[in-house]
Amino acid sequence: MEVDYFKIISDSFTGYWNYLLNELSHPGWHNYFYMLLVLSLLIWSIEIIFPWRKKQKIFRKDFWLDAFYMLFNFFLFSLVAFNALSNVAVTAFDQLLALFGISNMVAININKTALWVQFLIIFVVADIIQWAVHVMLHRVKWMWQFHKVHHSVVEMGFAAHLRFHWMETIIYKSILYFPLTMIGFGIDDFFVLHAFTVLIGHLNHANLNISYGPLKYIFNNPAMHIWHHAKQFPKSHPYGMNFGISLSIWDYIFKTVHIPHSGRDIALGFDDVDKYPEGFVGQVIEPFKKTNG
Ligand SMILES: [Zn+2]
Ligand SMILES: [Zn+2]
């Protein structure tokens, strides 16, 4: 079968553009744009009313930079490149499989189980994979150069959640693609699940002293994640600690947890973070300079 990759690319762009316009003009319960907006305003309000670091400004350092990252990573990057790239990659991959006579990658179809079971499986499977990818981002040198963008936050607040290099989207999503396809799902199939992970991620970075009591052994939380952003990693965890995305349980199981005391006022970032580019463009270019030499 002939495949027109150019058409796939152009359809991806126009398709995504129409989708985006439609999202903006149709507020509703299954709308990603308004979900992000409402959750952000909610967590921001709680930060303002019950701040952990009381002296931190409401419009903290890099607030607007992070607000832009949030829009870029959630929407614009898909519009600019990812949507087209992933459609091309998926088609090419399907063509490759077809050469071997495979038309379907689904190994175990969980579609037929109860909805809450599907939720749980996809959430836990995606989360442990992302935990492992996050560990890799810290241990593999060139990956760390990209991940440093997320660690360049020196004053923590909810919006820091989505400050990351677009390369991370590519790394995470391409690794997640295979196992999720094998159980018959795409990562964006569940709106509610997506909203839940945005909520947890926003909270993890919020200026809030919350750890959810005994649930801290299951869910990642602000008191734990702030240590992930510590400027100095301890000798016992030279590549970092508390790698959890939504769940903290993997860090407890694999002994990568480290919360020596309240992290309220610890220094954040990495060595020489004060010399790191401060703007979006500078930060996006920086890892490419580093990996070349
Ligand atoms: Zn990290
Ligand atoms: Zn973080």
| Quick one: ranking K231, K54, K290 by accessible area, 1.4 Å probe, largest first, what do you get? | K54, K290, K231
| said: If I take R0 = 41 Å and measure r between the Cβ atoms of V192 and S262 in this structure, what FRET efficiency does the formula 1/(1 + (r/R0)^6) give, to the nearest 0.05? | reply: 0.80
| message | With +1 assigned to the C-beta of every Lys and Arg and -1 to the C-beta of every Asp and Glu, and no other charges, what is the dipole magnitude of the chain about the Cα centre in debye, to the nearest 20? | response | 1000
| message | Under 19 Å between alpha carbons, and skipping anything fewer than 8 positions from K235 in its own chain: which lysines qualify? | response | K141, K255
| said: I'd like the orientation of helix 141-151 relative to the chain: the angle between its Cα long axis and the longest Cα principal axis, in ° from 0 to 90, rounded to 10. | reply: 60
| Cα long-axis angle, helix 32-49 against the chain (0 to 90 degrees, to the nearest 10) | 10
| request: Select from P214, W227, M182 the residue farthest towards the positive end of the dipole of the stretch 91-242; place +1 on Cβ of Lys and Arg, -1 on Cβ of Asp and Glu, and compute about the Cα centre. | output: W227
| task | Give me the angle, in degrees from 0 to 90, between the Cα long axis of helix 5-25 and the longest principal axis of the Cα atoms of the chain, rounded to the nearest 10. | result | 50
| Could you give the dipole magnitude of the stretch 167-276 about its Cα centre, charging the beta-carbon of Lys and Arg +1 and that of Asp and Glu -1, in debye to the nearest 20? | 280
| note | The long-range amide H neighbours of F219, using H built 1.01 Å from N in the peptide plane and a cut-off of under 5 Å, are S248
| request: Taking a cut-off of 20 Å between Cα atoms, list the aspartates and glutamates near K112, but don't count ones fewer than 8 places away on the same chain. | output: D188, D189
| query | Under the classification rounded if a/c is under 1.5, otherwise prolate if a/b is larger than b/c and oblate if not, where does the stretch 168-246 fall, given a ≥ b ≥ c as square roots of the Cα gyration tensor eigenvalues? | reply | oblate
| For the stretch 112-128, 3J(HN,Hα) per residue [Karplus equation, 6.51 cos²θ - 1.76 cosθ + 1.60, θ = phi - 60°, Hz, x = Gly/Pro] | 8, 7, 4, 4, 5, 5, 4, 3, 4, 4, 5, 5, 5, 4, 5, 5, 5
| Cross-link table K231/K290; K148/K275; K57/K231; K61/K216; K54/K275, entries beyond 18 Å C-alpha to C-alpha | K231/K290; K57/K231; K61/K216; K54/K275
| request: Treat each spin label as a single point 7 Å out from the Cα along the C-beta direction, and report the W116 to L199 distance in nm. | output: 1.5
| field | Exposed-site-free run, longest, the chain (rule: GluC sites (Glu not before Pro); DSSP loop; at most 14 other C-beta within 10 Å) | value | 3-277
| Candidate aspartates and glutamates - alpha carbon under 18 Å from K7, same-chain residues fewer than 8 apart omitted | D94
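The values are calculated or read from the model by the stated rules, or taken from the named source; none is laboratory data. Keep in mind that this is a model prediction, so the values were computed, not measured. Quick reminder, even Gly has a Cβ in these numbers, built from the backbone with ideal geometry, and neighbours come from all protein chains shown. Surface accessibility is based on the protein's heavy atoms, side chains included, excluding ligands, DNA and RNA. Shrake-Rupley method; radii C 1.70, N 1.55, O 1.52, S 1.80 Å.
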